[in-house]
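Since the structure comes first, as structure tokens, the remarks are kept for the end.
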Amino acid sequence: MPPETEPDDNYFLDTAEVEVKRLVGNPPLDLTVTTTFDPRLQDAAEQVVKNWLSGEGAQRHVGQAALIAMAPDGAILAMVGGRDYAQSQFNRATQAHRQPGSLFKVFVYLAALSNGWRLDSVMTDKPVKIGDWEPKNYDGHYQGEVTLRTAFADSINSVAVQLMQAVGTQRVIAMAKSLGVQSKLPDKPDLALGWA
């Protein structure tokens with residue numbers, strides 16, 4: 001990475017510096033670090049965040065946004081941690097605590113697959129009620145019988161909730177913990193949708 005970078009690139013640089021120090025400590029000599037940073041993609045990511053904040057973000061009264069662009073192998077190519085690095089170095093992409101939302105479904109499906117379910121296993125996408133809680137699908141529609149592959153790809157809420165009930169919340173929590181989640185995770189059905 002060139003030593004001179006644009007100001008908004010510093011969210012990426014700050015994160016890379018923390019990771020290098022975690023891996024090697026403070027090296028006594030100069031150290032050259034090669035990153036996966038893509039300047040063109042960084043420019044595009046910054047523009048996407050700015051456009052969203054000035055459009056839909058403004059309509060929703062949202063003052064900040066974050067974006068991480070990754071390669072299929074998990075390499076981080078671009079990172080925007082907020083509206084303006086010069087005004088706030090707090091990186092909302094890596095430092096903000098927030099509900100994981102549908103991202104938590106990954107742990108539900110991994111726990112299921114680790115306990116004998118298959119991607120072609122079939123469940124019914126239908127209205128669900130657990131106690132007083134009635135989770136809805138994002139679009140309000142139900143597809144009937146679907147494979148786990150389709151339910152995961154379409155991020156179907158009702159199937160994720162039913163699947164966690166079938167697998168067991170404790171198994172889902174154990175899967176999340178085994179993959180590095182450190183937050184306290186409640187043994188509640190809405191955990192399937194990341195509402196913890």
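The values are calculated or read from the model by the stated rules, or taken from the named source; none is laboratory data. Nothing here was measured: the structure is a model prediction, and the numbers come from that model. We place every Cβ from the backbone using ideal geometry, glycine too, and count neighbours over all the protein chains shown. To get the accessible areas, we keep the full protein, side chains included, count just its heavy atoms, and leave off ligands, DNA and RNA. Shrake-Rupley method; radii C 1.70, N 1.55, O 1.52, S 1.80 Å.
Here are a few things to note about the model shown:
- Close contacts from segment 168-193, counting a first residue that is on the phi > 0 side of the Ramachandran plot and a second that is surrounded by 15 or more Cβ atoms within 10 Å (Cβ to Cβ), with Cβ to Cβ under 9 Å and a gap of 6+ residues or different chains, come to GLY168/ALA111.
- Residue-level analysis places GLY194 outside the set of residues that are more than 17 Å from TRP117 (Cβ to Cβ), open to solvent by 40 Å² or more (accessible area, probe 1.4 Å) and not β-branched (Val, Ile, Thr).
- Annotation: TRP52 fulfils all but one of (1) of a type outside the set (Lys, Arg); (2) surrounded by 12 or more Cβ atoms within 10 Å (Cβ to Cβ); (3) within 16 Å of ASN10 (Cβ to Cβ); the unmet one is (3).
- Residue list for segment 161-182, filter: of a type in the set (Val, Ile, Thr) and in contact with a helix residue (DSSP H, G or I) (Cβ under 7 Å, 6 or more places away or on another chain): VAL161, VAL167, THR169, VAL172
- The residues in segment 133-156 that are within 17 Å of GLY194 (Cβ to Cβ), within 20 Å of the chain's Cα centre (by Cα) and in contact (Cβ under 8 Å) with a residue 12 or more places away in the chain can be counted, and the count is 6.
- If you go through segment 113-146 and keep only what is outside any loop (DSSP other than H, G, I, E, B), of a type outside the set (A, V, I, L, M) and open to solvent by less than 70 Å² (accessible area, probe 1.4 Å), you end up with THR124, ASP125, TRP133, GLY144.
- Check on THR36, open to solvent by 50 Å² or more (accessible area, probe 1.4 Å), part of a loop (DSSP other than H, G, I, E, B), in contact with a Leu (Cβ under 6 Å, 6 or more places away or on another chain) and in contact (Cβ under 8 Å) with a residue 40 or more places away in the chain: yes
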